[in-house]
Amino acid sequence: MFSINNTAILNVVNNLTRIGTELAISNQRLATGRRIISAGDDPAGVIAAADLKNQIATIDAAASNGARINSIIDTADGAMAQISSLLGTINTKALAAAGSTTTAEERAAYQAEIDTAIDAIDTLVNTTTFNGKRLLDGGIGYDTADIDNSKLADVRVNSADTSSGSVSLAVSVVSAAEKAVVSYSNGNLTDDVTFTLTGNNGAEQFSFSTGATISDIESSVNAESDATGIVAEVDGGTLYFRSDNYGSDQSVSINVTAGTFAMDGGTTSDTGVDTTVTVNGQNATSDGMQVFFSSGSTSVRFSLEESFGNVGGGSTTFSITGGGSGWQLNANPINKIHFGLNSLSSVSLGNDTIGHLRSLKSGGTNALSSGNYQAAANIATAAGRQVSTDRARLGAVQSYTVNSTLSAFSAAKTSMTQAISNIEDVDYVQETANNNRLQLLMQIGTSIIAGMNQNTSNILSLIG
């Protein structure tokens, strides 16, 4: 009796079943482009890809925050650009009013333009907002405490990290600021004298007759101090010509073109000296009595009061207690932006030394009717420099902090996305070759089964 062994057929069938399963998976990979169809395909790869996706989600959130910060900066910068333009107009009108041929009607028109420009600046300050928060009125400025107003003025904090408590700043005057000065000690004039004084504001010629006293000269020079930037003072029989302000950018020079008017020591010109200041033991940058200090996340600027800054050895301390923007790119504290914007209103622009922008309005101490044309122009110039400095700081934050960080995040995201692709995505060349191999094996197996079934049928027909 014959026995037919179906073991070989069963083995082939099992192999075909396995090949069919693998072929189905291969087809799915080619159709979806994904190498990992289920966690069992690559358990470690699933974990790695999930971690990378979480990091990408964090980067996307930071990018959104960065875009928001850029929008805030762009909003503030646009308004500040308009304020700069208005300050330029104010400066121009103040200088135009100083012209010797300018009529009273023209000055009145210039004053009206200045008033309108100042009002426009205050309107911009009060209406420049982002998401309902004012940006230019000092609302995102810093809070300070313990400022001795007899020593410091115009304290403006640009940035500080107060997240761990207040920041204390110890200010010490190492050496005094000086004005530019030349002097004359030879008494009343012995002949007719003509000389030209040149200071930071300009030059003026003066003529005096024989016998003129140094007090006469003092009065004449001071009548034109706004035009020259030089103030005369008689002290103990000596006539001093001093720059109106302190610092190395201040100058005084005298050029005698007629008569005898010999300066003490033969010195006919001089420049001022900036104060030397340390803050928390570190050297600060000085411009006359204006001080600028940056260290770590702390950046401040302030003015020294004259009684404090023109002598050495004095010291004072103040604190930054809070405030500022605290803009955050992501949860990492290292990506927190410490930044503040001080008020740009007309009562804040300028400084205590030369005056504030508000004083240029009609009825103010530096309105055109006062005749302080150069002082008005100087205030507008100083205000313009403040706005430009704040714009530059905003631009630096945007370029070097926000955008550079976002660029780094973008590069990291690109690398992570590629890593996820390497883990999850199918290699089409390799998978296509594998798919072709599996199809061929399926065809061969199917042919074998068919052949074996045919042989079995022939044998059964013979023994039947």
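The values are calculated or read from the model by the stated rules, or taken from the named source; none is laboratory data. Keep in mind that this is a model prediction, so the values were computed, not measured. Virtual Cβ from ideal backbone geometry, glycine too; neighbours counted across all protein chains shown.
Descriptive notes on the structure:
- Candidate set: the range 83-101, residues that are surrounded by fewer than 18 Cβ atoms within 10 Å (Cβ to Cβ) and of a type in the set (A, V, I, L, M, F, W, C); chosen: the one nearest to the chain's Cα centre (by Cα): L95
- Applying the condition of being touching a helix residue (DSSP H, G or I) at 6+ places or on another chain (Cβ under 7 Å) and either at pLDDT 75 or above or more than 22 Å from G445 (Cα to Cα) (or both) to the range 17-26 and asking which residue is surrounded by the fewest Cβ atoms within 10 Å (Cβ to Cβ) yields G20.
- For V155, the criteria (1) within 30 Å of I337 (Cβ to Cβ); (2) among the β-branched types (V, I, T); (3) at pLDDT 95 or above hold in every case but one, which is (3).
- As a summary of the residue check, A48 satisfies the conditions (1) at pLDDT below 75; (2) surrounded by 15 or more Cβ atoms within 10 Å (Cβ to Cβ) except for the one numbered (1).
- For beta carbons closer than 8 Å, sequence separation of 6+ or different chains, a first residue in the range 373-391 that is without any contact (Cβ under 8 Å) to a residue 60 or more places away in the chain and a second that is surrounded by fewer than 22 Cβ atoms within 10 Å (Cβ to Cβ), the qualifying pairs are I379/I354; I379/G355; I379/H356; I379/S359; A382/N351; A382/I354.
- Qualifying residue in the range 98-106 (condition: in contact (Cβ under 8 Å) with a residue 60 or more places away in the chain and in a helix (DSSP H, G or I)): no
- In the range 343-361, the residues that are at pLDDT 95 or above, polar (S, T, N, Q) and part of a loop (DSSP other than H, G, I, E, B): S345, S346
- One residue from V387, V429 being assigned to a helix (DSSP H, G or I), of a type in the set (V, I, T) and surrounded by fewer than 14 Cβ atoms within 10 Å (Cβ to Cβ): V429
- If you go through the range 132-159 and keep only what is part of a loop (DSSP other than H, G, I, E, B) and touching a residue at least 40 places away in the same chain (Cβ under 8 Å), you end up with L135, L136, D137, G138, I140, G141, D146, I147, D148, N149, S150, K151.
- In the set G202, G141, only one residue is small (G, A, S) and either within 23 Å of the chain's Cα centre (by Cα) or closer than 27 Å to D77 by Cβ (or both); that residue is G141.
- Exactly one residue among S159, S166 is farther than 25 Å from G78 by Cα and surrounded by 14 or more Cβ atoms within 10 Å (Cβ to Cβ), and that residue is S166.
- Selection count, the range 57-114, where residues are over 30 Å from N131 (Cα atoms) and of a type in the set (D, E): 3
- Residue within the range 402-409 that is touching a helix residue (DSSP H, G or I) at 6+ places or on another chain (Cβ under 9 Å) and either on the phi > 0 side of the Ramachandran plot or of a type in the set (G, A, S) (or both) present: no
- Hits in the range 432-445 - residues which are of a type in the set (A, V, I, L, M, F, W, C) and either surrounded by 16 or more Cβ atoms within 10 Å (Cβ to Cβ) or part of a loop (DSSP other than H, G, I, E, B) (or both): L438, L441, M442
- For the range 169-207, the candidate set comprises residues that are of a type in the set (D, E) and surrounded by 14 or more Cβ atoms within 10 Å (Cβ to Cβ); within that set, the residue that is farthest from S225 (Cα to Cα) is D192.
- Test: residue in the range 27-43 that is assigned to a helix (DSSP H, G or I), buried (at least 16 other Cβ atoms within 10 Å of the Cβ), more than 36 Å from the chain's Cα centre (by Cα) and not hydroxyl-bearing (S, T, Y): yes
- Flag for V231 being of a type outside the set (D, E, K, R), in contact with a strand residue (DSSP E or B) (Cβ under 9 Å, 6 or more places away or on another chain) and more than 19 Å from A212 (Cβ to Cβ): no
- Among residues of the range 167-216 being without any contact (Cβ under 8 Å) to a residue 60 or more places away in the chain and in a strand (DSSP E or B), the one that is nearest to T285 (Cα to Cα) is T198.
- Of all residues in the range 74-95, at least one satisfies being touching a strand residue (DSSP E or B) at 6+ places or on another chain (Cβ under 9 Å) and either part of a helix (DSSP H, G or I) or at positive phi (or both).
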